[in-house]
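Read the structure below first, then the notes.
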Amino acid sequence: MAASFILEAQSKTIHVNEQLSIDVLVDNDREAINAFSGAIHYDSNYFHIDSISTNTSVVHFWVENPTVHD
C-alpha cells in the first residue's frame, strides 16, 4: 500500500490576513519508506506561502529541497 500525505493545521478557523501554519505528515502504514515525492496545489488568490520549514523533518537528505511555484 502507498503512503499518504496528511495536511494538519493547528487552527481550524482563520481570518483575512491571518497567518496559518500547516504541517505535512506522512502516514506510511508502518511500512518502510526510502523515498517519496508529492505536490500540494492551492488557489493563490486565497493563500500565499511565506516560507517552508524542514527543521522538524524526518528527512535528513533532500534530493530537491521543497519549493513554491506560484
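The values are calculated or read from the model by the stated rules, or taken from the named source; none is laboratory data. Nothing here was measured: the structure is a model prediction, and the numbers come from that model. Here the Cβ is made from the backbone with ideal geometry for all residues, glycine too, and neighbour counts use every protein chain on show. Just the protein is used for accessible areas: all its heavy atoms, side chains included, with ligands, DNA and RNA removed. Shrake-Rupley method; radii C 1.70, N 1.55, O 1.52, S 1.80 Å.
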Residue among 51, 11 that alone is modelled with pLDDT of 90 or more and part of a loop (DSSP other than H, G, I, E, B) = 51
Condition met for residue 67 (open to solvent by 90 Å² or more (accessible area, probe 1.4 Å) and among the polar types (S, T, N, Q)) = no
So, in the stretch 25-40, of the ones that are assigned to a loop (DSSP other than H, G, I, E, B) and not small (Gly, Ala, Ser), which residue ends up most open to solvent (accessible area, probe 1.4 Å)?
-> 30
Taking only the stretch 41-60 into account, find how many residues are touching a residue at least 24 places away in the same chain (Cβ under 8 Å) and either open to solvent by less than 100 Å² (accessible area, probe 1.4 Å) or touching a His at 6+ places or on another chain (Cβ under 9 Å) (or both).
-> 1
Assuming residue 22 fulfils every condition listed in (1) modelled with pLDDT of 90 or more; (2) open to solvent by 100 Å² or more (accessible area, probe 1.4 Å) apart from one, which condition is it?
-> (2)
